[in-house]
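What follows draws every value from the coordinates through simple rules; no lab data is involved. Everything numeric in this text was worked out from a predicted model, so none of it was measured. Quick reminder, even Gly has a Cβ in these numbers, built from the backbone with ideal geometry, and neighbours come from all protein chains shown.
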Amino acid sequence: MMPENIIALESLRLEAQICFETKKGQPTLLPCDSELYPAVKIECFKALNDYKQGDTIEVDVVAMQSSNGQSYFYSY
């Protein structure tokens, strides 16, 4: 099976909200369903500069885990 197919099988489609992260000075994404995904950030490949804070978009994500053990979603 090709790697693209594996990613497609494990991906989720989520509704996410555009937020503004002060430390980085750039927009970020958080899942809208904070009860289901509390404190899980979304690392996004897309440029989010055209969106306003509070806008919601649908993104395809894959669950990931960083080297320090923290879970996050990666949007491709």
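Give me the one-decimal nm value for the distance between modelled label points at Lys52 and Met64, 7 Å along each residue's Cα-to-Cβ direction.
Here the answer is 3.0 nm between the modelled labels.
Using only the alpha carbon atoms of region 3-75, find the Kirkwood hydrodynamic radius as the inverse mean reciprocal pair distance, in angstroms to one decimal.
In region 3-75 this quantity evaluates to 12.9 Å.
Among 30-40, 46-56, how do they line up by average Cβ neighbours within 10 Å per residue, starting with the highest?
The peptides rank, most packed first, as 30-40, 46-56.
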